[in-house]
Amino acid sequence: MPWDERTPMDSRAQFVEAWREGGFSLVELCERYGVSRKTGYKWLRRWEEEGLAGLAERSRAPASCPHRTEERCEQALVVSRRKHPRWGARKHLWRLAEQHA
């Protein structure tokens with residue numbers, strides 16, 4: 001048996017095409033393609049809203065990180081660590097707080 005060389009995009013397009021032809025119920029298609037009904041509905045919704053491009057892989061990375069350290073603070077810490085590689089975290093933070101109150 002040869003390797004399955006379909007991309008996720010191809011599988012999703014086949015899923016939508018099979019649903020459009022009407023030969024199977026959504027539950028049967030989801031079982032056949034090994035996905036949950038929630039995922040099946042998501043693919044169909046994306047296809048209806050965006051067309052074939054909506055079936056492409058999407059990033060799972062968060063759009064933002066509200067507790068991320070500011071860029072200037074991060075750069076100051078990097079400079080301090082390069083200048084004093086043997087210092088620990090407490091000493092670096094104390095020194096940076098003293099310099100950049």
Residues located in region 1-59, provided they are open to solvent by 70 Å² or more (accessible area, probe 1.4 Å) and polar (S, T, N, Q): Q14, S59
Which condition breaks for P66 when tested against (1) of a type outside the set (V, I, T); (2) farther than 30 Å from P8 by Cβ; (3) surrounded by 10 or more Cβ atoms within 10 Å (Cβ to Cβ)? (3)
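Just a yes or no: is a residue in region 37-54 of a type outside the set (D, E, K, R) and assigned to a loop (DSSP other than H, G, I, E, B)? Give the steps one after another, and end with the answer.
First pass over region 37-54, keeping only residues of a type outside the set (D, E, K, R): 39-41, 43-44, 47, 51-54.
Next, only the ones that are assigned to a loop (DSSP other than H, G, I, E, B) stay: none.
For region 37-54, residues of a type outside the set (D, E, K, R) and assigned to a loop (DSSP other than H, G, I, E, B): absent.
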E71 open to solvent by 70 Å² or more (accessible area, probe 1.4 Å), farther than 30 Å from K91 by Cβ, modelled with pLDDT of 90 or more and more than 20 Å from the chain's Cα centre (by Cα): no
Give the residues of region 78-96 that are open to solvent by less than 60 Å² (accessible area, probe 1.4 Å) and outside any loop (DSSP other than H, G, I, E, B), sorted by residue number. V78, S80, H92, L96
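The values are calculated or read from the model by the stated rules, or taken from the named source; none is laboratory data. These numbers were taken from a predicted model, which means no experiment stands behind them. Neighbour counts run over all protein chains shown; Cβ positions are idealised from the backbone, glycine included. Note: accessible area is taken over every heavy atom of the protein model, side chains too, but ligands, DNA and RNA are not part of it. Shrake-Rupley method; radii C 1.70, N 1.55, O 1.52, S 1.80 Å.
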